[in-house]
Every structure is written in structure tokens, then in C-alpha cells.
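Taking it in order: structure first as C-alpha cells, then the write-up.
The values are calculated or read from the model by the stated rules, or taken from the named source; none is laboratory data. No experiment lies behind these values; they were computed from the predicted model shown. Positions of Cβ are backbone-derived with ideal geometry, glycine not excepted, and every protein chain shown enters the neighbour counts.
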């Protein structure tokens, strides 16, 4: 159960690292000049123009202590926060087990059919490993805060799984966090297609978004978890 909690938490963190980091827009980070400025400007434009997102998700969680990787496959839906609406996120895992997590504003629910259990709570107020803390920390930061808190480096052009050509950038927190760095692979439209979180204990979480649909109609009702009567609710 603890392992599954970490997978769910890391998945949301990686996903939002990909989406929310796109809010960055700096003119000349680390002296790398025009290429990095172009990347970050396109990411900024993409972020501002993104009203919704759906995609398939592949998550690879690497445990450095036992040198083993676990892979999860599923789908995600996302509605960004606006002046009239809180943020909505949903991730539905189908492999290796069926599990779902929904975050609406500051509240979350995690449904585990196999355990007939739903975990609920306030994400920003919880220190539990069940809560996607890193993700919501990113979401609570303004663009100015992101610019102030991360150093950005350009690593070059790379082709990711599926053949998409991307720019590879590294983001290093300027102050101590629960992870060392975050890497992003960004396509020509400024869309982060892949993200990798390098944690302080040398574990890594890599998330790949495929079959992406942007700016489509997504009902807020689709972020409601449906589960049978008798499912046990547990406070997180």
C-alpha cells in the first residue's frame, strides 16, 4: 500500500511539474541566450493558452536502493485554475492495478477498488505520503515565484519515445526541496511531453504524456469519483 501511495503521489507531482513549470518565462536564464529564451517563451505562451488537457500517461518509478523500476499506465484529465474556477485534476491508473485520484482545489480523494477504500483530505494541510504535496506546492506558486526559485539549463534537442522531437531542459531549485532537480522535454509548441523528477535519495519518477488532446470540452462532473455503497472512507 505504501508503494502505491508513493506512485500516485509521484505521478501527480511529475504531471504538474510538466504542466505548471510551463508558466516560466525568463529572458536569459544562466546566460544560455536565445535558444533557452525561445523555449521558455513558447512554454509560457502554451501555458497561457491551455484551457484543458487529456492524455494517456506512462509512469516509471525507479527505486535506487534496489535498482528496480515499476511502471504504471493510465490516463489523466486537467482543468487549470481560473478566476472563476478551482483547479481540477484526475488520474486513472489501469495497470498494474486500477486506482484513481482526484484533486479539486485543495481537496483530494483517492479511490482503491481492490481495498474498497476512499481516502479523503485537504492536500495543502496534510503531510501524509498519500497526498501529492510537491504538485500542489507547484500549483500554489506564482510565475514570479517560479522564476525566483529555479535555475534553468538547456541540454539540447532530443527525441523521446514515440518519435517526438523535443528540447531538453533542467530545472534546479535554488533552495532545498524534497527533490534535487526536474527535467522537462518540451515540444516545438511549448508543450511539456515528458518530465523526470530526480529525488534527493536518487530515486526518479519519469512521466510521459501521449495521445494528447488540448483545449477540449471537459465537464467538471468527470472529476467526480463514483464508487459503490459500502466503500470505506478514510481521512488522510
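Only one of the numbered conditions (1) within 20 Å of residue 70 (Cα to Cα); (2) at pLDDT 50 or above; (3) buried (at least 20 other Cβ atoms within 10 Å of the Cβ) is violated by residue 119, and that is (1). Could you tell me which residue of the range 225-236 is surrounded by the most Cβ atoms within 10 Å (Cβ to Cβ), considering only residues that are assigned to a loop (DSSP other than H, G, I, E, B) and in contact with a strand residue (DSSP E or B) (Cβ under 8 Å, 6 or more places away or on another chain)? Step by step, filter the range 225-236, then rank; the result is 236.
Residue selection: residue 150 satisfies the criterion of being more than 30 Å from residue 229 (Cβ to Cβ), within 18 Å of the chain's Cα centre (by Cα) and modelled with pLDDT of 60 or more.
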